[in-house]
Amino acid sequence: MGYTIRGGEVKDIEMNLERYSIIVQTSMDTNGNLVLKLPRESFDAQSNGDDENFIVLVSKENISSENFTNVEYEEIATGSDYRNIRIPLEVDDKWVEVIGTYVIPEFGSVVMIILFVGVTSAIIISKSKLSVRYN
């Protein structure tokens, strides 16, 4: 996922798999906007193959759901593999949540650990079977 921001900076971006959302932590010095390039393969808002609107929420306080306000956004570009949206932000906006209809997380450290354990287990099992055959 790519982004550009005017009027501040992006501190962190994380996925919330339970809410099918992306949460962006910002620090806004002036009014500006956040442009997100959302890859369709891992995050989108669709129903029956048709594009749906994202829900965009912004908070100045904290990440608690009661502090978020629904804001309008503009879809500025759409392709077969991405959607670009522009979200207007104000001074002191700290959290932006974009809710879609699905989220597929990228390979993270947990997935790499599971992969490592699986490969290691396969090697150990195959070596123990070979040693039984030849002894």
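The values are calculated or read from the model by the stated rules, or taken from the named source; none is laboratory data. As the structure is a prediction and not an experimental result, all values here were calculated from the model. Methodologically, a virtual Cβ is constructed for each residue, glycine included, from the backbone with ideal geometry; neighbour enumeration extends over all protein chains shown. Heavy atoms of the whole protein, side chains included, go into the accessibility calculation; ligands, DNA and RNA do not. Shrake-Rupley method; radii C 1.70, N 1.55, O 1.52, S 1.80 Å.
For region 68-84, a residue qualifies if it is touching a Lys or Arg at 6+ places or on another chain (Cβ under 8 Å) and under 20 Å from Leu17 (Cα atoms), and the qualifying residues are Tyr82, Arg83. From the set of residues in region 30-75 that are within 17 Å of the chain's Cα centre (by Cα) and among the polar types (S, T, N, Q), which is nearest to Asp92 (Cα to Cα)? Across region 30-75, the extreme among qualifying residues is Asn53.
Residues being in a strand (DSSP E or B) and open to solvent by less than 50 Å² (accessible area, probe 1.4 Å): count how many of those fall in region 75-101.
Taking region 75-101 and keeping what is in a strand (DSSP E or B), we get 75-78, 82-89, 95-99.
Subset that is open to solvent by less than 50 Å² (accessible area, probe 1.4 Å): 77, 83-85, 87, 89, 95-99.
Within region 75-101, residues that are in a strand (DSSP E or B) and open to solvent by less than 50 Å² (accessible area, probe 1.4 Å) number 11.
Only a single criterion out of (1) closer than 16 Å to Val103 by Cβ; (2) out of contact with any Ser or Thr (no Cβ under 9 Å at 6 or more places or on another chain); (3) of a type in the set (Ser, Thr, Tyr) is not satisfied by Tyr20, namely (2).
Beta carbons closer than 8 Å, at least 6 apart along the sequence or on distinct chains, pair a first residue in region 78-92 that is within 14 Å of Ile5 (Cβ to Cβ) and free of Cβ contacts under 8 Å to residues at least 60 places away in the same chain with a second that is open to solvent by less than 60 Å² (accessible area, probe 1.4 Å) and part of a loop (DSSP other than H, G, I, E, B) for Ile85/Phe54; Ile85/Tyr73; Arg86/Tyr73; Ile87/Val71; Ile87/Tyr73; Pro88/Val71; Pro88/Tyr73. The condition (being at pLDDT below 90, open to solvent by 80 Å² or more (accessible area, probe 1.4 Å) and acidic (Asp, Glu)) is satisfied by just one residue among Glu106, Glu72: Glu106. Looking across region 47-69, the residues that are within 19 Å of Met1 (Cβ to Cβ) and surrounded by fewer than 13 Cβ atoms within 10 Å (Cβ to Cβ) come down to Glu52, Asn53. For region 5-29, the set of residues classified as closer than 21 Å to Glu74 by Cβ and open to solvent by less than 70 Å² (accessible area, probe 1.4 Å) consists of Ile5, Gly7, Gly8, Val10, Ile13, Ser21, Ile22, Ile23, Val24, Thr26, Met28, listed by residue number.
Inspect all residues belonging to region 125-134 and state whether any of them is modelled with pLDDT of 85 or more, aliphatic (A, V, I, L, M) and either within 18 Å of the chain's Cα centre (by Cα) or exposed (fewer than 10 other Cβ atoms within 10 Å of the Cβ) (or both). Walk me through how you get there before you give the answer.
From region 125-134, those modelled with pLDDT of 85 or more are none; that's our starting set.
Checked region 125-134: no residue is modelled with pLDDT of 85 or more, aliphatic (A, V, I, L, M) and either within 18 Å of the chain's Cα centre (by Cα) or exposed (fewer than 10 other Cβ atoms within 10 Å of the Cβ) (or both).
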